[in-house]
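Heads up: the structure comes next, in structure tokens.
Values quoted throughout were computed directly from the atomic coordinates according to the rules given, and no laboratory measurement underlies them. No experiment lies behind these values; they were computed from the predicted model shown. Note that we place each Cβ from the backbone using ideal geometry, even for glycine, and neighbour counts take in every protein chain shown.
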Amino acid sequence: MKFIGNTNEYLQLKTLEQCDRSVFKETIEGSLTILWFQDDANELIIDGKSYTFNKHQIVFLTEFHQVHVKHIEPTRFLRFNRPFYCVIDHDTEVGCKGVLFFGASQLPVIQIPDEDLLQFETLWTMFNIEMQSKDNLQIDMLQMMLKRYLILCTRLFKTQAQYPEVKVETDIVREFNFLVEQHFKTKHSVAEYAALLNKSPKTLSNIFSKIGSKTPLQYIQERKMLEARRRLRYSDMQIQEIAYEIGYDDIQAFSRFFKTQEGISPSVFKETM
């Protein structure tokens, strides 16, 4: 089932079966996706890395993730775009900049405990019922349900991932991650992002160190590398074009950067795909 609003709001809700993989090939600008696995032994390749997901695990994906399905059991699929739910400076923790999407350094995955399962099941049932409503209150109800879903997931993630509770610092890290997602092709130094956050580079580095995270530069480099691997793996672009796409005018500089991060040259990486 799909909801499409008058100003490009988009929400899709369905249960994927084993043969239903077409949704992963669809491109919805500004979309975010939540997969709730209903059985064990789901095998997905996400950005070239193999993952196995089991019953009642939930994974959170952005439009930038490249997903290839090797095997999937029935899975509850929810996808929405930013016009449907995402106000940049609102609901920081459960919005598009929150910990479930751009706030974590690794792929965010949660496990629904048995004691919380009824809440999730009830909400999913209500979601399906409301998707069939056709009055002018439908979008408000769907947005409230989505927010409830995100809140339940965020609570579990913060508990299971032992997410730090130092609110000011974690808010800055999330904001930094979101800025990197927006600007990694054109801004490559910690100083540039520190300026956007009205912080000094040293202050920003100290914040990351305090919460036990990677350094700001590592985040920037990893996002550039992720894009480079995606382009090499999934596009027909030449290496020079890819280098330019992520901000390198000099292909040799790009090749050195790639080899330092990946251990092999971009040409060898592309040949092995």
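Given the pairs LYS55/LYS210; LYS49/LYS134; LYS2/LYS70; LYS55/LYS270; LYS55/LYS199; LYS199/LYS224, which span a C-alpha to C-alpha distance of over 32 angstrom in this model?
The answer is LYS55/LYS210; LYS49/LYS134; LYS55/LYS270; LYS55/LYS199.
Could you please state, rounded to a whole Å, how far the C-alpha centre of region 1-30 is from the C-alpha centre of region 223-273?
31 Å
Taking 0.36 nm per intervening residue step and subtracting the Cα-Cα distance, what contour gain separates GLN261 from ALA195 on full extension?
21.2 nm
Using Cα positions and a limit of under 15 Å, work out the aspartates and glutamates in reach of LYS202, with same-chain residues fewer than 8 apart set aside.
GLU169, GLU192
Does region 2-160 classify as rounded, prolate or oblate by the C-alpha gyration tensor (a ≥ b ≥ c root eigenvalues; a/c under 1.5 gives rounded; else a/b over b/c gives prolate, otherwise oblate)?
Rounded.
Within 10 Å of each candidate Cβ there may be at most 13 other Cβ atoms; applying that plus a DSSP loop requirement, which GluC sites (Glu not before Pro) in region 178-273 survive?
none
Take the Cα radius of gyration of region 1-54 and divide it by 2.2 N^0.38 Å, with N its residue count; two decimals is plenty.
My calculation over the Cα atoms of region 1-54 gives 1.32.
Work out which helices of the chain, taken as complete DSSP H runs, extend at least 15 Å along their axis over the Cα atoms and score a mean Kyte-Doolittle of 0.0 or more, then list them.
Result, helices passing both filters: 117-131, 138-160.
Can you give the translational diffusion coefficient of region 167-271 in µm²/s, computed by Stokes-Einstein from the Kirkwood radius over Cα pairs at 37 °C and 0.692 mPa s?
Roughly 226 µm²/s, to the nearest whole number.
Expressed as a rounded percentage, what relative contact order does the chain have, with Cα pairs under 8 Å and six or more residues apart?
In percent, rounded to a whole number, it is 14.
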